[in-house]
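**Q** Can you keep this structure in mind? I'll have questions shortly.
The values are calculated or read from the model by the stated rules, or taken from the named source; none is laboratory data. Computed from a prediction, not measured in an experiment: that's the story for all the values here. Neighbour counts run over all protein chains shown; Cβ positions are idealised from the backbone, glycine included.
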Amino acid sequence: MEDVRNGPSKKREGDEITVSFDSTIYEKESLLAAAYTLTGSYTVSICENEGKYLVTIRPSFDGVSPLSDEKIGHLINDTLDEQLRLHLERRSGQLRDIIVQHAFSPINIYEAVGNKDIRQ
Amino acid sequence: MTEAYTLLPFQFGRFACDEYLAVNESGEYLFIDRISLEKLIHGDLPRENPHFDDLRSKQFIATGNLALAIDMIATRYRTRKRFLSEFTSLHMLVVTLRCNQDCTYCQVSAENDEAEQFDMTPASAEKSVEMAFRSPSPNIKIEFQGGEPTLNWPALTSAVLKAEELNRTAGKNLDFVICTNLTNMTRDMLEFFRDHKVGISTSLDGPPHLHDECRVLRKGGGTYETFCKRLQEVRAVCGPENVSALMTTTSANIDSLPEVVDEYVRQGFNGIFIRSLNPYGLASENAEDLGYSMEHFAKSYEKILDYIIDLNLQGTYFAEFFATILLSRILTPFSTGFVDLQSPAGAGISGVIYDFNGDVYPADEARMLARMGDQRFLMGNVFTDSYEKIFGGSVLQEIVAKSCVETMPGCASCVYRAYCGSDPIRNYLETGDIVGRRSGSGFCSKNKSVMEILFRKIKENDNRVMDVLWSWITGRRLACQLKVEERCCENH
């Protein structure tokens, strides 16, 4: 495996590439979300092995090129973005549900989230 | 120094090198650098960060009463989804599949002009209109489609007269539109359209050599000359404000869009919808000759948008209608009635289509699928099924349940989600599944590309360009808009 000390490493075998993500840093959900965008043209499989998530990507059809280094870079960056989205979801996801409920079926918003000013 | 804040929900996506675009549930947007974004999400954004005040005023964070912030976001959210409260307002009647033209990209796969077995009977037209008036919407628009709808004059006139009769009791805002190639138009027809206030929507693909490339008569020959003659007659009888035109982008004109726009200006139109090819009917069969990649479309779109903006800056008011719709969604909180890009999808709940035999479909593409042997999206028939069965049945329920981008994988976290929509029929056609796999699809690529182009303009924030874009949203010509602004400045 190509060893990039502070980030995911990758290994090519023919048309297939396997990218390894440290499972103490990256959550499975963020990997799944980032990898999903590739499934139009690529077959993606993910497994866990010795503290790492191994993401294997190969072209699904004839005529699709193996994933380029540039696109692997995008995948790694997308995974970071998805990780941030997970944090955001945990902190504000419930409020989105309340917003939609309140928009379509008025509820007592003050009962749902309280009538408190956080500055107090 | 930190000031406590509650993080409110939003989406974000990379926009430039180290910059992100963030859009929240009410459609407010913000450009923010990566470091600030991370701090924001982790709750560490300091008070003195340059984005802090914007984040608060646009409700990405709440620093005071949380309930009040949610109330404001929910109000805007409800405003954006206003189209839902009306239910089905657009009712399209396919009065015939016959057509005197044989356009190479025809997505309805029209039949020759003797194939009367595909004509809607007057009884079927009236029954369809009765069904349309069952809709709770206060606005009913009846749109006549084909083939070439003027080839079935009895059904068309029956439908108009029936609708007017029903509306004397119903009291709805009733509109009519006919989608016609103009080549079969007669004076009597025009007078009928004038007397019954039927709007006319036609097709113009550019100057003669471009228009006649794809829009040809079934018996051979181009249609441009006849089209121009009829257009003059339509304007003389019905009024120039009652006729509009659409174009279809094919490989024939995608690199000549300035010529197409010039033709529209020359013909007196005040706007254009740069419409990409849809993968149905003849367009799908001829895709190799007519088609292009979405990357090609996006590049051409950006160029023509700049061309059109320049036209406006030189004094000619001319709008690009797709940009206008998206900009209305980005820059205002209001709902836009664009059936093709809604969440949940507009198919069925905003517009329906009645086939020549009374079959009801949520979209024309669904009707096309049925012609190809797949009746997956047949909602019912006006002769045998009740309104409740057709509009409350399992077909429509499934479409609505599976076309909310807010819950679809990939779409739910997309930064453009608040402005976007889905096309479940197209997903089904391309993947065999209503939800489909949208990321990377032609539909997704096109819409994302256009939104990126528009957001680049918004970010550049050139005052003159923004004035042009706002003039499209308000429908107010630039000169008038600038005069109003001058008066406001003087008064202050």
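**Q** Determine which single condition B:Gly358 fails, assuming it passes every other condition in (1) on the phi > 0 side of the Ramachandran plot; (2) under 20 Å from the mean Cα position of the chain (by Cα).
**A** In the conditions (1) on the phi > 0 side of the Ramachandran plot; (2) under 20 Å from the mean Cα position of the chain (by Cα), B:Gly358 misses (2) alone.
**Q** Filter region B:318-339 down to the residues that are surrounded by fewer than 18 Cβ atoms within 10 Å (Cβ to Cβ) and more than 12 Å from the chain's Cα centre (by Cα) and list them by number.
**A** Residues satisfying the conditions are B:Leu331, B:Thr332, B:Pro333, B:Phe334.
**Q** Here's something else I'd like to know. Go through region A:3-56 and give me each residue that's in a strand (DSSP E or B), under 19 Å from B:Arg438 (Cα atoms) and touching a helix residue (DSSP H, G or I) at 6+ places or on another chain (Cβ under 8 Å).
**A** A:Val44
**Q** Show the residue pairs meeting these rules: Cβ distance below 6 Å; 6+ apart or different chains; first residue within region B:372-400 and more than 22 Å from B:Asp433 (Cα to Cα); second residue among the acidic types (Asp, Glu).
**A** Close Cβ pairs (under 6 Å, with a partner that is among the acidic types (Asp, Glu)) amount to B:Asn381/B:Asp359.
**Q** In addition: Name, by its number, the condition in (1) of a type outside the set (A, V, I, L, M, F, W, C); (2) surrounded by fewer than 20 Cβ atoms within 10 Å (Cβ to Cβ); (3) more than 14 Å from chain B (Cβ to nearest Cβ); (4) assigned to a strand (DSSP E or B) that does not hold for A:Pro66.
**A** Exception for A:Pro66: condition (4).
**Q** Residues that are within 14 Å of another protein chain (Cβ to nearest Cβ) and of a type in the set (D, E, K, R): find the helices (runs of 4 or more DSSP H) completely inside region B:34-149 holding 1 or more of those.
**A** Details: elements: B:34-42, B:52-57, B:66-80, B:83-86, B:122-132.
By residue number, B:34-42, B:52-57, B:66-80.
**Q** Among the residues of region A:69-120 satisfying the criterion of being of a type in the set (Lys, Arg) and not in a helix (DSSP H, G or I), which is farthest from B:Pro409 (Cα to Cα)? Full working, then the answer.
**A** Step one: of region A:69-120, the residues of a type in the set (Lys, Arg) are A:71, A:85, A:90-91, A:96, A:116, A:119.
Imposing the further condition that a residue be not in a helix (DSSP H, G or I) reduces the set to A:116, A:119.
Working: A:Lys116: 35, A:Arg119: 37 Å.
Ranking the qualifying residues of region A:69-120, first place goes to A:Arg119.
**Q** Also: Can you report the number of residues in region B:167-178 which are surrounded by fewer than 17 Cβ atoms within 10 Å (Cβ to Cβ) and not charged (D, E, K, R)?
**A** Qualifying residue count, region B:167-178: 5.
**Q** Quick one: which of B:Gln117, B:Gln101 is out of contact with any helix residue (DSSP H, G or I) (no Cβ under 8 Å at 6 or more places or on another chain), polar (S, T, N, Q), modelled with pLDDT under 95 and crowded, with 20+ Cβ neighbours inside 10 Å?
**A** Exactly one residue qualifies, and that residue is B:Gln101.
**Q** Restricted to region A:69-98, and to residues that are of a type in the set (S, T, N, Q) and more than 8 Å from chain B (Cβ to nearest Cβ), which residue is surrounded by the fewest Cβ atoms within 10 Å (Cβ to Cβ)? Let's see the steps before the verdict.
**A** Our first condition is that a residue be of a type in the set (S, T, N, Q); within region A:69-98, this holds for A:77, A:79, A:83, A:92, A:94.
Adding the requirement that they be more than 8 Å from chain B (Cβ to nearest Cβ) leaves A:79, A:83, A:94.
Working: A:Thr79: 24, A:Gln83: 18, A:Gln94: 13.
Residue satisfying both the conditions and the ranking: A:Gln94.
**Q** Condition (residue is more than 18 Å from B:Ile178 (Cα to Cα) and either at pLDDT 90 or above or exposed (fewer than 15 other Cβ atoms within 10 Å of the Cβ) (or both)) applied to region B:273-280: is it met by at least one residue? Before the answer, list the steps.
**A** Restricting attention to region B:273-280, the residues satisfying the condition of being more than 18 Å from B:Ile178 (Cα to Cα) are B:274-280.
Checking the rest, the ones that are also either at pLDDT 90 or above or exposed (fewer than 15 other Cβ atoms within 10 Å of the Cβ) (or both) come to B:274-275.
Yes: one or more hits.
**Q** How about region B:393-410: which of its residues are surrounded by 13 or more Cβ atoms within 10 Å (Cβ to Cβ), of a type outside the set (D, E, K, R) and more than 30 Å from A:Leu31 (Cβ to Cβ)?
**A** Step one: filter region B:393-410 for residues surrounded by 13 or more Cβ atoms within 10 Å (Cβ to Cβ), giving B:393, B:395-396, B:398-410.
From what's left, of a type outside the set (D, E, K, R): B:393, B:395-396, B:399-401, B:403-405, B:407-410.
Across region B:393-410, the qualifying residues are B:Gly393, B:Val395, B:Leu396, B:Ile399, B:Val400.
**Q** Do you know which of the residues in region B:1-33 that are hydroxyl-bearing (Ser, Thr, Tyr) and assigned to a strand (DSSP E or B) is surrounded by the fewest Cβ atoms within 10 Å (Cβ to Cβ)? Can you show your working first?
**A** Going through region B:1-33, the residues hydroxyl-bearing (Ser, Thr, Tyr) turn out to be B:2, B:5-6, B:20, B:26, B:29.
Applying the additional criterion that residues be assigned to a strand (DSSP E or B) yields B:2, B:6, B:20, B:29.
On the way: B:Thr2: 12, B:Thr6: 17, B:Tyr20: 20, B:Tyr29: 21.
The extreme case among them is B:Thr2.
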